[in-house]
1. P(r) for region 3-58, please, calculated from all Cα pair distances in 5 Å bins and given in %.
2. Counting Lys and Arg as +1 and Asp and Glu as -1, each charge on the Cβ, what is the dipole of the chain about the Cα centre in debye, to the nearest 20?
3. Sum up the charges of everything whose Cβ sits under 14 Å from the Cβ of C38, counting Lys and Arg as +1 and Asp and Glu as -1, but leave C38 out.
4. For the Cα atoms of the chain, what angle does the longest principal axis make with the long axis of helix 30-45, in degrees from 0 to 90, nearest 10?
5. Work out the FRET efficiency for D28 and Q48 from their Cβ-Cβ distance, taking R0 = 25 Å, and round it to the nearest 0.05.
6. Could you work out what % of the accessible surface of region 12-60 is carbon and sulfur, using a 1.4 angstrom probe and leaving DNA, RNA and ligands out of the count?
Amino acid sequence: MGDRSQWQYEPFAGTIVSDWIYGRGVADSKGAIALFICLEKALRDSPQFNGSLFLWGMRGQSPILS
């Protein structure tokens, strides 16, 4: 993390500025999650898909099921 005084925004606050979020961890795994959501929509919208989808993940150390 380095010297906190060198950060423009508080690294642990998740500061929102002009539709951007600044802080540590704001992009961790979010690209992959967005990809899975888009894939889920594409599959559900496809007439060829005739199956089930299950998304499983972790939030901290607690499982998230949907």
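The values are calculated or read from the model by the stated rules, or taken from the named source; none is laboratory data. Please read all numbers here as calculations on a predicted model, not as lab measurements. Here Cβ is always computed from backbone atoms with ideal geometry, including for glycine, and neighbour counts include all displayed protein chains. The area values use the complete protein model at the heavy-atom level, side chains included, leaving out ligands, DNA and RNA. Shrake-Rupley method; radii C 1.70, N 1.55, O 1.52, S 1.80 Å.
1. Values per bin, smallest distances first: 4, 15, 17, 15, 12, 11, 9, 7, 5, 3, 1.
2. The dipole of the chain has a size of about 140 debye.
3. Around C38, the charge tally is +1.
4. For 30-45 against the chain, the angle is about 20 degrees.
5. The value I calculate is 0.15.
6. Answer for region 12-60: carbon and sulfur cover 61 percent of the accessible area.
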